[in-house]
């Protein structure tokens, strides 16, 4: 096993302390923000050492390679992109704090997702569709490292699936913009150019995200071991349970506890170094 250490700023002395603690036999530089410690061993003090230096860590099998995977499944809001779309729509009418509070409770798993979405959308009834375009144009930003990550997995022949409790208005545009293979999200109900406060069809909740993953995996004829997934909220846990490797990205505690790796400090491209023991990313 190799121990991968990542972070925005890696202190040399901290890296050496981790190597000593885990009895690693050598250190390889993967990038400016990632290192591999060879033949490292688990240690009870490792998590505390990394937390102190604001570093992400994870043990990676020496045999694992990026092209072992065939599908990467991603959440959208606060994962692939930095914002929560519905919160930014609410900001257009001055009710972001109220909507964001409901979003936060849902992501923590404190309230049922379908209920939370209905409550939030009801507050947006009557909002013009021009607000959707403004949010896309003015506020949508990719998470650090997201575009590099997508480019790398695409080059490796890995298909991409975006499953989101957000809206097709955003996912359709992202699909074209960054060449995603599949997307699945909510369809907003619109009448006379305004939101009705409802969605058309089923709500894309945790079960719907999982079903979308299983449907695509079936079409591709791939196994669980060939799937990687990344998300940040409680409604991502069911789809990530169907992945051979899962990532909690800037995630809520309930998610970090149930995924293979946590990325709290590195960019989204940090998942590449956990998906492969090789340093050719």
Scanning region 233-258 for residues that are in a loop (DSSP other than H, G, I, E, B) and surrounded by 24 or more Cβ atoms within 10 Å (Cβ to Cβ), the one modelled with the lowest pLDDT turns out to be 233
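Yes/no matrix, rows are residues, columns are (1) under 15 Å from residue 80 (Cα atoms); (2) in contact (Cβ under 8 Å) with a residue 40 or more places away in the chain; (3) more than 14 Å from the chain's Cα centre (by Cα):
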| position | (1), (2), (3) |
| --- | --- |
| 123 | no, yes, yes |
| 126 | no, yes, yes |
| 182 | yes, no, yes |
| 186 | no, yes, yes |
| 199 | no, yes, yes |
| 211 | no, no, yes |
| 233 | yes, yes, no |
Take the residues of region 184-197 that are in contact with a helix residue (DSSP H, G or I) (Cβ under 6 Å, 6 or more places away or on another chain) and farther than 17 Å from residue 136 by Cα: which is surrounded by the most Cβ atoms within 10 Å (Cβ to Cβ)? 184
Being buried (at least 19 other Cβ atoms within 10 Å of the Cβ), more than 30 Å from residue 159 (Cβ to Cβ) and either in contact with a strand residue (DSSP E or B) (Cβ under 6 Å, 6 or more places away or on another chain) or at pLDDT below 95 (or both) narrows it down to one of 14, 51, 40, so name that one. 40
Hey, does region 154-170 have a residue that's at pLDDT below 95, surrounded by fewer than 18 Cβ atoms within 10 Å (Cβ to Cβ) and touching a strand residue (DSSP E or B) at 6+ places or on another chain (Cβ under 9 Å)? no
Based on what the data block shows, is residue 131 surrounded by 18 or more Cβ atoms within 10 Å (Cβ to Cβ), touching a residue at least 12 places away in the same chain (Cβ under 8 Å), over 15 Å from the mean Cα position of the chain (by Cα) and under 20 Å from residue 204 (Cβ atoms)? no
Output the number of residues of region 203-231 satisfying the condition of being under 17 Å from residue 260 (Cβ atoms) and buried (at least 22 other Cβ atoms within 10 Å of the Cβ). 6
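The values are calculated or read from the model by the stated rules, or taken from the named source; none is laboratory data. All figures in this text were calculated on a predicted structure; none of them were measured in a lab. Neighbour counts are summed over all protein chains in view; Cβ atoms, including those assigned to glycine, are modelled from backbone coordinates with ideal geometry.
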